[in-house]
Amino acid sequence: MWKKIYKMIKKYDTIVISRHIGVDPDAMGSQLGLKLAIELTFPEKKVYAIGNGSCKFGYLGKLDKLDETVDFSNSLLIVLDTPDKKRIDGAVPADFKESIKIDHHPFVEEICTLELIDDKASSTCQLIIDFIYATKLKANKEVMEKLFVGLVSDTNRFIFNSSNQLFLTVGKIVKDYNLNVEKLYQNLYMRSMNEVRLQGYISQNMLITDNGVGYVILTNDIITKFKADAASAGNMVNNFNYIDEILVWAMISEDKKNDIVKINIRSRGPVINTVAEKYNGGGHKMASGARVTTMEEAKLLINDLDRVCKRYIEEEDISESN
């Protein structure tokens with residue numbers, strides 16, 4: 001499959017790379033890493049990495065703005081880290097001659113001409129690393145730095161979705177490209193004092209349902225008070241992995257700029273992606289996101305998560321009693 005994808009990329013002079021709405025380091029790292037790899041391999045091609053960014057991930061690089069007057073009907077679209085059409089940021093596959101999807105989420109729907117989906121992979125960045133090693137696609141230290149950061153972020157420092165093969169891959173790229181792991185970790189995990197104070201606010205104000213759903217509502221006023229943005233607030237969900245009293249936890253962030261409410265969800269057992277899909281979202285069984293238009297809908301989502309936790313607890317009790 002990698003060779004088919006390589007041949008399709010080779011065919012086109014203009015390539016647009018998109019990914020899911022609500023950017024995170026895996027989406028942006030895979031996007032910018034692949035863009036640079038294609039440019040290194042085919043310097044004559046025009047390659048654009050598009051979508052709404054976040055100042056929090058500015059260290060990964062800059063995204064491109066497409067000229068809306070340009071006709072891309074003879075161009076190639078590559079969609080990364082996105083399982084379904086509604087979550088693609090800034091592009092429509094039908095507007096392009098052909099399209100490729102590379103993703104590590106569970107299959108939701110077919111949206112591209114050629115699709116490579118591996119939901120056993122830790123991240124889309126891991127898949128792009130595999131792509132580079134499997135073909136003649138070129139890479140340099142900068143490419144691998146972007147991919148390493150996305151991989152580390154999506155595994156939360158190799159806590160989730162890790163395997164023997166993943167550690168072998170990481171060891172190989174660190175050695176082959178002389179990566180400064182300490183510096184890359186600093187870029188990924190450095191926090192401003194405002195963000196640390198916002199995390200303290202979250203800890204102080206997290207609510208917990210009867211069945212172990214922890215959640216906090218971050219209104220625009222609160223986010224503004226701490227000089228953060230909705231993306232930064234939502235990504236703090238990964239900072240609350242080990243609280244004994246909760247099974248599922250969610251950050252509910254008001255995004256006034258886009259007139260939506262973003263919900264980042266994580267789990268230590270109950271399957272949550274089916275709930276996220278009900279609320280214009282999706283993702284992995286233990287890590288998902290959703291987008292709604294009102295806080296009332298967000299609270300309905302929390303109620304659904306509470307019911308999922310209740311069933312999970314009951315099933316665990318039954319299995320233990322047996």
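The values are calculated or read from the model by the stated rules, or taken from the named source; none is laboratory data. Nothing here was measured: the structure is a model prediction, and the numbers come from that model. Methodologically, a virtual Cβ is constructed for each residue, glycine included, from the backbone with ideal geometry; neighbour enumeration extends over all protein chains shown.
In the condition set (1) surrounded by 17 or more Cβ atoms within 10 Å (Cβ to Cβ); (2) touching a residue at least 60 places away in the same chain (Cβ under 8 Å); (3) touching a strand residue (DSSP E or B) at 6+ places or on another chain (Cβ under 9 Å), TYR48 is compliant with all but (2). Close contacts from the range 73-89, counting a first residue that is touching a residue at least 40 places away in the same chain (Cβ under 8 Å) and more than 13 Å from SER99 (Cα to Cα) and a second that is aliphatic (A, V, I, L, M) and assigned to a loop (DSSP other than H, G, I, E, B), with Cβ to Cβ under 6 Å and a gap of 6+ residues or different chains, come to PRO83/VAL108; ASP84/VAL108; ARG87/ILE21; ASP89/ILE21. Taken as a whole, the condition of being assigned by TED's automatic domain parsing to the domain that holds CYS125, of a type in the set (Gly, Ala, Ser), in contact with a strand residue (DSSP E or B) (Cβ under 7 Å, 6 or more places away or on another chain) and closer than 20 Å to THR124 by Cα does not apply to GLY58.
Being more than 23 Å from HIS105 (Cα to Cα) and assigned to a helix (DSSP H, G or I) is a description that does not apply to LYS35. For the range 51-72, the candidate set comprises residues that are touching a residue at least 40 places away in the same chain (Cβ under 8 Å) and hydroxyl-bearing (Ser, Thr, Tyr); within that set, the residue that is surrounded by the most Cβ atoms within 10 Å (Cβ to Cβ) is SER54.
Which of the residues belonging to the range 159-193 are within 30 Å of LEU305 (Cα to Cα) and surrounded by 13 or more Cβ atoms within 10 Å (Cβ to Cβ)?
PHE160, ASN161, SER162, SER163, LEU188, ARG191 - these are the residues of the range 159-193 that are within 30 Å of LEU305 (Cα to Cα) and surrounded by 13 or more Cβ atoms within 10 Å (Cβ to Cβ).
Do we find a residue being touching a Phe, Trp or Tyr at 6+ places or on another chain (Cβ under 9 Å), among the hydroxyl-bearing types (Ser, Thr, Tyr) and within 13 Å of TYR215 (Cβ to Cβ) anywhere in the range 240-253? The answer is no; no qualifying residue exists.
Can you tell me which residues in the range 252-292 are within 22 Å of GLU315 (Cβ to Cβ), among the small types (Gly, Ala, Ser) and in a loop (DSSP other than H, G, I, E, B)? GLY269, the sole residue that qualifies.
Within the range 269-289, the set of residues being within 18 Å of SER122 (Cβ to Cβ) and surrounded by fewer than 16 Cβ atoms within 10 Å (Cβ to Cβ) comprises LYS285 only. Taken over the range 114-135, the criterion of being under 19 Å from ILE38 (Cα atoms) and among the hydroxyl-bearing types (Ser, Thr, Tyr) is satisfied by THR124, TYR133, THR135. The set of residues in the range 262-320 being small (Gly, Ala, Ser) and closer than 20 Å to ILE208 by Cβ consists of SER267, GLY269, ALA276, ALA287, SER288, ALA290, ALA298.
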